[in-house]
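Bear in mind that the values in this text are calculations on the coordinates, not laboratory data. A quick note: this is a predicted structure, and the numbers were derived from the prediction, not measured. Note that each Cβ is placed from the backbone with ideal geometry, even for glycine, and that neighbours are counted across all protein chains shown.
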Amino acid sequence: MHIPETIYLDSWLAILLTVAYALMIIASVIVVLRENRNPIRALSWVIALVFLPIVGLVFYLFFGRSLRGMHMISRHNKRKILREHSPRRINLNSLDLSAEHRNLVKLAHNLCRAPFTVNNEIDIFTDGISKFESLKRDLENARESILLQYYIFLDDKIGTEISDILIRKAKAGIKVKVIYDHIGSFSAKKSFFTNMERAGVQTHPFFRVNFPHFANRINWRNHRKIVVIDGSIGYIGGMNIADRYVNGLPNGEVWRDTHFRVTGDIVESLVYSFAIDWNFLKKEPYVPEVTPKLNVNSNSVGVQLVTGGPTERWNNLTLCFLRAISSARRTIYIQTPYFLPTDGLLSALQAAALAKVDVRIMMPRNTDSRLLHYASFSYISECLKSGIKVYLYEPGMLHAKAMIIDDMFVTAGSTNFDFRSFENNFECNLLIYDENINRKMRDIFFEDVAQSTKLTLDRWKRRPLYHRFLESLLRLVSPIL
């Protein structure tokens with residue numbers, strides 16, 4: 001019997017495709033194993049790739065690969081920027097710091113060259129109205145340069161107000177550079193940034209997500225919020241540029257956040273962080289000038305800037321958080337919009353609570369993401385069982401990201417207490433060693449406690465069964481949320 005030639009060709013094509021696909025799966029498994037990552041996560045990816053090959057491969061391409069150790073800019077350019085923007089060294093032995101805090105200072109410096117600075121002043125904002133009034137005033141007074149970096153920069157009312165100021169300043173001859181995250185700012189019209197470019201504002205999206213770079217960029221986002229004006233005034237914290245940070249939510253609920261205005265030597269660290277990101281995006285040597293204008297005084301605040309991201313050799317922020325938690329002797333107060341801790345961080349908090357440290361975690365009753373809402377709630381039982389006190393903020397969205405330890409240490413910035421911030425996002429936090437700032441942040445925390453509901457284990461166990469199911473289900477995929 002004669003078998004048509006096309007059948008042979010189809011059979012060989014099917015065999016070749018099957019072999020090619022099998023080799024691709026094997027190669028992906030080898031890549032996962034070579035990364036020498038957390039064994040549980042590695043095993044999860046291997047199982048997904050082997051037993052759900054199509055779905056597993058797609059998910060791995062989007063969410064599974066590691067950028068750890070990748071160089072964002074050349075070593076030459078990084079050294080050049082560091083030479084120009086390295087605040088004067090401080091003799092730690094001359095400072096009134098505990099042994100635990102000195103070790104934390106050294107850790108942050110060794111991780112990301114975070115210099116310890118003492119010549120600083122900090123103003124705290126807890127609402128968008130006061131923060132943006134201050135920011136707009138400082139932008140209007142700019143005389144030399146403006147560096148602005150936000151995860152979200154929208155073309156709504158407040159975004160247009162900021163954009164108009166930047167355009168006016170650029171037309172007046174002031175150097176203005178803007179970095180915005182391509183995913184975070186995706187809903188803003190392209191013309192919004194084009195208009196700034198035409199006026200002389202240099203803008204650049206972080207990790208533009210388009211073909212053929214869709215899969216290898218979408219999971220790595222720049223979540224930092226940094227502004228530097230004339231090299232002497234800085235802003236850093238949790239607020240993006242969008243109307244909801246000023247007006248609250250459409251249902252009338254408030255938007256509660258934390259943001260800092262800083263002056264002094266720490267501004268140089270903000271410039272360094274911005275310059276690294278700009279050189280990475282533009283592939284050009286950029287070494288901005290910095291002229292801190294604050295004289296040392298008795299109220300100066302000790303501060304470090306810690307940056308973290310998927311390209312760093314170490315999990316900088318995770319390690320700093322772990323060290324800070326382990327240093328606690330009396331209290332740990334945490335505010336976060338999403339609570340999806342790594343196993344190590346959860347264990348550290350539980351160990352502190354079991355050692356009779358007063359550990360309190362505050363998150364919003366309702367978040368801006370239902371998926372993250374249920375995933376975050378899946379950790380509450382474990383916290384309550386170990387003696388951690390959990391509060392749900394009732395007035396609206398609690399977007400603040402802060403940790404206050406004992407009576408001397410505070411860290412706050414863009415970092416959520418979740419897997420994405422610690423593993424996948426480019427983030428930045430201030431490490432603040434100061435009794436006055438600590439006291440102010442504690443007062444703010446307890447003002448929020450007065451508007452929150454304290455959970456009990458008995459009450460929590462009585463929540464609906466379908467809530468428990470959703471929490472358990474979403475916890476399984478929490479690393480990619």
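The table below gives the values:
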{"item": "Three-way shape label, region 315-468, alpha-carbon gyration tensor, a/c 1.5", "result": "rounded"}
{"item": "Entries of K225/K440; K136/K225; K136/K282; K171/K225; K177/K225 with Cα pairs more than 18 Å apart", "result": "K225/K440; K136/K282; K171/K225"}
{"item": "Likely footprinting exposure, K136, K190, fewest C-beta neighbours within 10 Å first", "result": "K190, K136"}
{"item": "Derived scalar couplings ³J(HN,Hα) [region 122-133; Karplus, 6.51 cos²θ - 1.76 cosθ + 1.60; whole Hz; x for Gly, Pro]", "result": "10, 10, 10, 10, 10, 9, x, 4, 5, 5, 6, 4"}
{"item": "Region 413-437 and region 119-141: distance between their alpha carbon centers, rounded to Å", "result": "19 Å"}
{"item": "³J(HN,Hα), Karplus 6.51/-1.76/1.60, whole Hz, each residue of region 317-323, x for Gly, Pro", "result": "5, 4, 5, 5, 5, 4, 5"}
{"item": "Relative contact order (%) - criterion: Cα under 8 Å, at least six apart; region: region 123-269", "result": "33 percent"}
{"item": "Taking D458, D181 and counting other C-beta atoms within 10 Å, the order from fewest to most", "result": "D458, D181"}
{"item": "Percent antiparallel among DSSP beta bridges (both partners in region 316-480, rounded to 5)", "result": "55 percent"}
{"item": "Candidate lysines - alpha carbon under 17 Å from K356, same-chain residues fewer than 8 apart omitted", "result": "K385, K389"}
{"item": "Mean-position separation - Cα centroids, region 236-281 and region 327-389, in angstrom", "result": "24 Å"}
